[in-house]
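> Sharing a structure below in structure tokens format, with a few things to ask.
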Amino acid sequence: MNFEPKIVGFLCNWCSYAGADLAGTSRLKYPPNVRVIRVMCSGRVDPLFVLKAFASGADGVLICGCHPGDCHYLEGNYKALRRVTLLREMLKQLGVEEERLRLDWVSASEGDRFAHIVKEMTEKIKELGPLSIRT
Amino acid sequence: MEPRIGVYICHCGANIAGTIDVEAVTQFAQGLGDVVVARNYKFMCSDPGQALIKNDIAELGLNRVVVAACSPRMHEPTFRRVLQEAGLNLYLLEMANIREHDSWVHENGTTEKAKALVNAAVKKVRFHQPLEAREVPFNPNTLIVGGGIAGIQAALEIADSEHRVYLVEREPSIGGHMIQLDKTFPTLDCSACILTPKMSAVGSHPFITLFTWSEIEEVSGFIGNFKVKIRKKARYVDMDKCTGCGICQEKCPWKVESEFDAGLAQRKAIYTPFPQAVPNVPVIDKEHCAYFLKGTCRACEKFCEAGAINFDQEDEVVEVEVGAIILATGYDVFDPTPITQYGYGKYGNVYTALEFERLCNSAGPTGGEIILRDGRRPQSVAIIHCVGSRDQNYHEYCSRVCCMYSLKFSHLIREKIPEAEIYQFYIDMRCFGKGFEEFYKRLSDEGVNFIRGKVAQVTDQAISEEEQGKLIVCAEDTLLGNLVRVPVDMVVLSTALEPRRDVEEVARTFSITESQDGFFLERHPKLDPMATMTDGIFIAGCCQGPKDIPDTVAQASAAATRALSLISRGKVEIEAATAVIDEELCSGCKTCIPLCPFGAISFEEEKKTSVVNEALCKGCGTCAAACPSGAIAARQFITEGILAQIEGVLV
């Protein structure tokens, strides 16, 4: 059977969620594997959320925020960046491949970019196969 | 209280129901824990759809509602109102976005995904708590940035209602690009004649405080309560003493290219850009003033009878408080130099549209004579459309004014040089506005040659006697299907309108965003083109996208109306979804304090806990993400709710 990965997406309300909305309004097509959770800011994404997603069966986690310098809350995206950097290190030790956690920037006008990121990430995780955490 | 959840799935006509099996999603929802009722309906946002929810709230005693429909950015306010009208707190709603994020973007798997999104929303809504929206007073003053026609129009609309306007312009005078134009299409009104009365009204209006030669330094605060720092650049001329006699400009020995005349004439180092400037007080251009460069001269000072020259003046930063902000920062003219095949900068007689405007203008460098650099009257002129617009190498968009101003140029040439041959090289003629098509027809009857084709090259390499000493425009006439070489004396490039060079910096200062073309992004492209994603900040004119004067004026008035409606209400509701710290759980580690970008968290020494100032908190939740004790709840987005949502999407 074909492996259809499950990807949890955390999108900031102001840029990336709006960008994903624009992808919809523009009827751009991308794989249905991503399931979006709206947060006010990418800085809201507690590393716990990412771990919880992996523990609950996600094969990938995508965090999208405003481009650096464009954060609606000034610098929440930088905080997300710092947390993700540390979190990746930890995930590596758990045997989770780096590519399963992706942080990217999508502005409210970049519907095509969002669709592209989801496509790319879905393909990548299909290559990696289902997540199996080293025990 | 036990959660009693109602789930409502919208068909949105065929927008959702066309690809998602709404019946299956409804049945699925019906089986979820705490769900009392699940229904689907054609248009949930319609009156009958809303009534459906209201009835259920009343009859079934629902205390939580999930609406699976479009983006919450679209209809969340609608459904929140429904809850409120049914006597339920508006924050007890959660939306599942099954349209923008599902039915519109996927070819398969849409029903499964819709189930997952509904499941997540049901799991999350259980954690929602009633919140009270807070109201704060709305400052009745307005800041308008940019003194072109958009800023002028908006300023007058608001000031006429006797509310204070701070109008900030970075040039020495208001007027913008419009004051540089000669005639305006399609009516051929003289641009200055229709604009200067408005400019002088701004200059003398008791409710307008005008800051020219000034820029915005910093913006803080939020809707209704912005604090703005304005840098008044040193003018080196005392505005109170100057009488505007102009003797300083006469006596100043230093000449500089005039920006107002698009570089075709010169101005002095102390100057007012044009005679009708508002305010009619010159500035000293420090970069080019002999005194500032070499330490001697001061000719202006010697001749100024009013004693208005003050070389010791310094920049001054003024702070104002406003409720709303309107950005009307305009556009830049595309520089055609990179399109080397058109020879701008290489051949003297290739002009940009703005240069040509100044050539036609009776107050311009040639007194309104259309003449070449060597003083001859051109006997033939080619006008090349879409230079920098509709071109994937530069700007993909149409600049919306070039077809029409190009037609206007034809008319002006015909008027001033009746015998001249005029060629319009166009891709498509776009004459969409009121009176535009009629104007096109009129010009066709004035003996203008229309050639449909994008110009490949402008060259001086003659291949026949007829072409000697001329500029040869090479193009393909796509209607006749042949290549043409047209020798002319003068070439005018219909240059694009593009975003201001510092658009990114300005967007950051005001916390707004740009669209892909680089112009400011509107809140909704159709229904809210004058608002931005940042509450209380509006946009008007070409900073939002290229447009002509009537459209600019309409948008500026609309933006002013939006500001006025907020002002007349006098108060504004601000986000209730702030962060709150549980004193019992807070360990007093202070991790959250430096993380808050708004300085909303402080430490209470007595209790040894952190505390959030809700008036400053904007609800980003960054603190909640970092709190090692889990003591901070980002309301509406509490950790437990999001964890439940994560489980929900992974069914």
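> For chain B, what does -39500 (n - 2.57) per DSSP helix run (n ≥ 4), summed and divided by total residues, give at 222 nm, in deg cm²/dmol to the nearest 500?
Result for chain B, helices only: -8000 deg cm²/dmol.
> Let me ask another. Under 8 Å for C-alpha pairs, at least 6 residues apart: give me the relative contact order for chain B, rounded to a whole percent.
Across chain B, relative contact order equals 13 percent.
> Quick one: 3J(HN,Hα) in Hz for the stretch A:66-83, Karplus 6.51/-1.76/1.60 with θ = phi - 60°, rounded, Gly and Pro as x.
In residue order, the calculated couplings are 5, 4, x, x, 9, 4, 4, 10, 6, 8, x, 5, 5, 5, 4, 4, 5, 5 Hz.
> Please report, in whole Å³, the volume per residue of the convex hull around the C-alpha atoms of the stretch B:105-185.
About 258 Å³ per residue, rounded to a whole number.
> Can you pull the three principal axis extents for the Cα set of the stretch B:405-557, in Å, largest first?
Projected onto its principal axes, the Cα set of the stretch B:405-557 covers 64, 33, 30 Å.
> Students often forget the sequence filter, so: which aspartates and glutamates lie under 14 Å Cα-Cα from residue B:229 once same-chain residues fewer than 8 apart are removed?
B:169, B:215, B:217, B:218, B:315, B:316, B:319, B:321
> Enter the Cα centre distance for the pair the stretch B:3-56 and the stretch B:439-460, rounded to the nearest angstrom.
Using only Cα atoms, the two centres lie 58 Å from each other.
> Taking only the Cα atoms of the protein assembly as shown, how large is their convex hull per residue, in Å³?
Expressed per residue, the convex hull around the Cα atoms of the protein assembly as shown is 214 Å³.
> For residue B:257, enumerate residues with amide H under 5 Å from its amide H, sequence gap 5+ or separate chain, H modeled in the peptide plane.
Hits under the 5 Å cutoff: B:267.
> On to the next question. I'd like the distance separating the alpha-carbon centroids of the stretch B:292-331 and the stretch B:352-402, in whole Å.
With the stretch B:292-331 and the stretch B:352-402 each reduced to a Cα centre, they are spaced 33 Å.
> Considering just Cα atoms, how many Å³ per residue does the convex hull of the stretch A:9-120 enclose?
Convex hull of Cα atoms, per residue: 84 Å³.
> Using only Cα atoms, what Kirkwood radius does chain B have, in angstroms?
28.9
> Checking the table A:6/A:124; A:119/B:42; B:123/B:571; A:6/B:123; B:286/B:547; A:92/A:124 against a 24 Å threshold on Cα-Cα, which pairs fail?
A:119/B:42; B:123/B:571; B:286/B:547
> Work out the P(r) tail for the stretch B:231-317: percent of alpha carbon pairs separated by more than 20 Å, whole number.
Every Cα pair in the stretch B:231-317 considered, those over 20 Å come to 29 percent.
Only the coordinates and a few stated rules stand behind these numbers; no lab work does. Values in this document were obtained by computation on a predicted structure and should not be read as measured data.
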